[in-house]
Amino acid sequence: MANKPSVFSLRIASQRGVALITVMLIVALCSIIAAQMTTRLHTQMQRSMNISFNQQAYWYALGAEEFTKRVLMKAFKDEPEVTHLEQIWAEEATTFPVDFGEITGEITDLQSCLNLNALHPHAKTKNESANGVSNKRSGGGKANPPSRASKSASDKQLPAATVLEGLIVNLNIDGVGNFEAEAMVNALTDWLDDNDMITGAGGAEDNDYAAREFPYLAANSYLASVNELRLIEHFSPAIILALTPYVCVLPQNSQHLININTLDAEKPELLQALLDSSLGDAQEILNARDSSGYDNLDDFYQLPELSKINLAKWQKAQFVVDSQYFKLKASARFNNSYFAMSSIMKVNESKQIQVISRTIGRN
């Protein structure tokens, strides 16, 4: 008969089993920790690579900005007194291949659109525009005393306000007529001015915006972007979408000067509002323009197509044949990273290019 195992041997066998389980638990725990460390290390490496790729895409976009400066400088070196659509800057969006990616850029003239900041109180009135008088509030020196004729309400209006109202009507947006257009202009004027007095029947100030479900206050300053219209009373998404191709924003600038050489011939509604003419007359005037535009304004005013339109002095003062402000929409791709940027550039008197605004993002 076999001998039965002793209690001591059973204890040793039991301890060996516990030790084996403990070792297996430790190995499993180490494996989990190692897996987590590997995952975190991989995540950190990927994050570092993404940051590096994004930074490279950013520098590619800045390279597009520098290239744009050279393009503009070359254009104005060849033709310093005129800006038109046959110059090298006016090409459509162009894509350049680079190492592990590409750069795309498009330059547009910001004086071929209506500057919404021209409705700011610092802008020239119709009378001041007609007489070449600088507005005292804009820092242009002391204004000459206005004549009796300039005291009329019409002469004290801003040209851009009249043009914007006409443009909104010309776009034939459903449910928008003269009354609605005037209300939008009044609301935008109140958004820009620095007082709390309502302009006209359609104006809106702090009390109107503070009473909303998500309250806020009027900016009482210049617009920073066309997208800011979404915050202003009466401007619906449909209206903003219709206006966007025709309007723009010059940062901290109430200038209202339109380059007749760079107006889009496929969007005659803006010229229609500038001239207060019919759509057909505006289209004829744009079609009569030579591809290289006009060397001076006299050539434009002597157009036979323009002879049937009786322009006031303030309307003539809206037009120029050269531009100072341009916008670059640049995008860069490096590996799987994408970067988009919009830069607004100003051409100074010495034909040097200065970046005055830079916005990150697609808009």
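Derivation of every value follows stated rules applied to the coordinates shown; laboratory data play no part. All values derive from a computational prediction rather than experimental measurement. Cβ atoms come from the backbone with ideal geometry, glycine included; neighbour counts cover every protein chain shown.
Brief remarks on what is shown
- If the convex hull is drawn through the Cα atoms of the chain, its volume per residue in Å³: 264 Å³
- FRET efficiency, 1/(1 + (r/R0)^6) with R0 56 Å, evaluated for Glu92 and Val23 via beta carbons: 0.20
- Here the simple spin-label model places points 7 Å from the Cα toward Cβ, and for Asp208 and Ser350 these points are separated by 4.6 nm.
- The simple spin-label model puts a point 7 Å past each Cα toward its Cβ; for Asp290 and Asn227 those points are separated by 4.2 nm.
- Too-long pairs where the Cα-Cα distance tops 32 Å, listed order kept, from Lys69/Lys124; Lys69/Lys126; Lys69/Lys267; Lys69/Lys313: Lys69/Lys126; Lys69/Lys313
- By the combined test of axial Cα extent (at least 15 Å) and Kyte-Doolittle hydropathy (mean at least -0.5), the qualifying DSSP H helices of the chain come to 7-78, 159-170, 178-192.
- Across the chain, C-alpha contacts under 8 Å between residues 6 or more apart give a mean separation that, scaled by the residue count, equals a relative contact order of 24 percent.
- Unpaired by the 4.7 Å Cβ criterion, cysteines found in the chain: Cys30
- For Lys308, the aspartates and glutamates whose Cα comes closer than 13 Å to its Cα, not counting residues fewer than 8 places off in the same chain, are Asp276, Asp281, Glu284.
- Label-to-label distance, Ile33 versus Asp99, with points set 7 angstrom from Cα along the beta-carbon direction: 4.2 nm.
- Rounded to the nearest 0.05, the FRET efficiency derived from the C-beta distance between Glu81 and Arg358 at R0 = 30 Å is 0.60.
- If you take all other residues with their beta carbon under 12 Å from the beta carbon of Leu257, and give Lys and Arg +1 and Asp and Glu -1, the sum is 0.
- Cα-derived Rg over Rh, computed across segment 310-355 with Rh taken as Kirkwood radius: 1.27
- Among residues other than Leu72 with Cβ under 15 Å from its Cβ, the summed charge is -3 (Lys and Arg +1, Asp and Glu -1).
- Surrounding net charge for Asn178, when Lys and Arg each add one and Asp and Glu each subtract one, Cβ distance under 14 Å: -4
- Residues Cys113, Cys248, Cys30 in ascending order of nearby Cβ atoms (within 10 Å, fewest first): Cys30, Cys248, Cys113.
- Label point 7 Å beyond Cα of Gln302 along Cβ direction - residues of segment 244-288 with amide nitrogen under 17 Å: 288
- Cβ-derived FRET efficiency at R0 56 Å, Thr43 paired with Lys313, nearest 0.05: 0.25
- In segment 158-230, the GluC sites (Glu not before Pro) that fall in loop regions by DSSP, at most 15 other Cβ within 10 Å: Glu213
- Helical contribution to [θ] at 222 nm, DSSP H n ≥ 4, -39,500 (n - 2.57), averaged over the chain, rounded to 500: -13000 deg cm²/dmol
- Segment 289-335 - Debye-derived log10 I(q)/I(0), Cα point model, q = 0.22, 0.25 Å⁻¹: -0.91, -1.06
- Out of every Cα-Cα pair that segment 22-104 contains, those further apart than 18 angstrom amount to 66 percent.
- A P(r) calculated from all alpha carbon pairs of segment 196-290, with 5 Å bins opening at zero, reads 2, 11, 16, 17, 19, 13, 9, 7, 4, 1, 0 percent.
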